[in-house]
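Okay, structure first, notes after.
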Amino acid sequence: MKATKYLLALLAFTSFSSLAAIEITREEAAKHTEIGPVTISQSGGDTVGLNHELLSKAVDEKGGKYYVIIGREGKTTFETVDAIAYK
């Protein structure tokens, strides 16, 4: 019974994590269908690191599985990231 619970938990985690959109290269994008642009804004103390979770969620909501970052603008406390979503 415990094994079944652990197996179900593992399967749920695996299928949830496989739904998150992932970043790909422009070369890889050529093999997929473009859905359209996605833009996110991130703010806070330091935006040097890109919030991939936020971008992935925005692509997921648009129906995409993959994205290519095409631009980043801003300062260290506010940044806008532009990407193209693909399926």
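Tabulated data for the structure shown
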{"item": "Whichever residue in the range 34-45 is surrounded by 10 or more Cβ atoms within 10 Å (Cβ to Cβ) and more than 11 Å from V68 (Cβ to Cβ) and, among such residues, is modelled with the lowest pLDDT", "result": "G44"}
{"item": "Within the range 56-83, tally of residues that are β-branched (V, I, T) and assigned to a helix (DSSP H, G or I)", "result": "1"}
{"item": "V48, sole failed condition from (1) surrounded by fewer than 13 Cβ atoms within 10 Å (Cβ to Cβ); (2) modelled with pLDDT of 85 or more", "result": "(2)"}
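The values are calculated or read from the model by the stated rules, or taken from the named source; none is laboratory data. Just so we're clear, the structure is a prediction, and the values are computed from it rather than from any experiment. Note that we place each Cβ from the backbone using ideal geometry, even for glycine, and neighbour counts take in every protein chain shown.
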